[in-house]
Amino acid sequence: MKLIIDDAHIDLIKKVYEYFPVDGVTTNPSILAKSGRNPYEVLKEIRAFIGKDAELHVQVVAKDAEGMIEDAHRIVEELGENTFVKVPAVPEGFKAMKELAAEGIAITATAIYTPMQAFLAGKCGASYAAPYINRIDNMGYNGIQVAKQIHDIFKKNELKTEVLAASFKNSQQVLELCEYGIGASTAAPDIIEGLVKNQAVTAAIDDFVNDFENLTGSGKTMSDC
């Protein structure tokens, strides 16, 4: 499963990249708005840091197919290869997806709440479909189960589309999808950091260090022996 950062704050992105094996960055209009800066200025800064080989997912804002296609062309022109254009899985979005896919532009179908949205996006040529796990839960359904169902639909119908699960409330949800073999998950920096945040682990490491220092002296490590 690919692990992708869902944020546009460059300092947080750099921190996660320093410690974790991540595969790229996803953004959306709301995330970009929080920066208070020109969207392309932020996105180019992210692209420059993560490099051309990492995935960068950027969403169209226009609500009609023609406008979505224009947004997509500008996004790819500005940000280069390995840029995935996020298009809402609605009728106008499906129309745009078909044309963009025919042009060879990589698509991430977004705003997905139902398996049928994902299936139709896959048929339109989307590379990813992004179900909103926590938002689906808040509607009274099971977001994890929906993501798994979408994954199975893609495999059984021999579609190349992968699930890009989004909108997590905790690290356990990421683990469940990792176990199932979901294609990718995108999570906020605090969720990614929570994947290994465990007091028992910290205590065990401290015990090892204390025992070693009792033998060799305070502050000593294996390089000092």
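The values are calculated or read from the model by the stated rules, or taken from the named source; none is laboratory data. Please read these numbers as outputs of a predicted model, since none were measured by experiment. Here Cβ is always computed from backbone atoms with ideal geometry, including for glycine, and neighbour counts include all displayed protein chains. These accessible areas exclude ligands, DNA and RNA; they are computed on the full protein's heavy atoms, side chains included. Shrake-Rupley method; radii C 1.70, N 1.55, O 1.52, S 1.80 Å.
Structure summary
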quantity: Exposure rank, largest accessible area first [M222, M139; 1.4 Å]; calculated: M222, M139
quantity: Rg/Rh for region 70-132, where both radii come from Cα atoms and Rh is the Kirkwood radius; calculated: 0.95
quantity: Bins of 10 Å from zero: percent of alpha-carbon pairs in region 36-167; calculated: 14, 41, 34, 11, 0
quantity: Radius of gyration, Dmax [region 4-52; alpha carbons; angstrom]; calculated: 10.1, 28
quantity: Over region 51-209, relative contact order from alpha-carbon pairs under 8 Å, at least 6 apart, %; calculated: 14
quantity: Cα-Cα separations in region 111-155 greater than 15 Å, expressed as whole percent; calculated: 33
quantity: In degrees, nearest ten, helix 39-50 long axis to first principal axis of the chain (Cα); calculated: 50
quantity: Most mobile of I136, I13, I31 in a GNM of the chain (Cα contacts under 10 Å); calculated: I31
quantity: Cα-Cα pairs of region 96-225 separated by more than 26 Å (percent); calculated: 41
quantity: Lys, Arg +1 and Asp, Glu -1 on Cβ, resulting dipole of the chain about Cα centre, debye, nearest 20; calculated: 620
quantity: The chain: angle of helix 171-180 to the longest principal axis, Cα-based, in degrees nearest 10; calculated: 70
quantity: Bins of 10 Å, starting at 0 and running to the largest distance - Cα pair percent for the chain; calculated: 8, 30, 32, 16, 7, 5, 2, 0
quantity: Over region 1-114, relative contact order from alpha-carbon pairs under 8 Å, at least 6 apart, %; calculated: 20
quantity: C-alpha long axis of helix 91-102 to longest principal axis of the chain, angle in °; calculated: 80
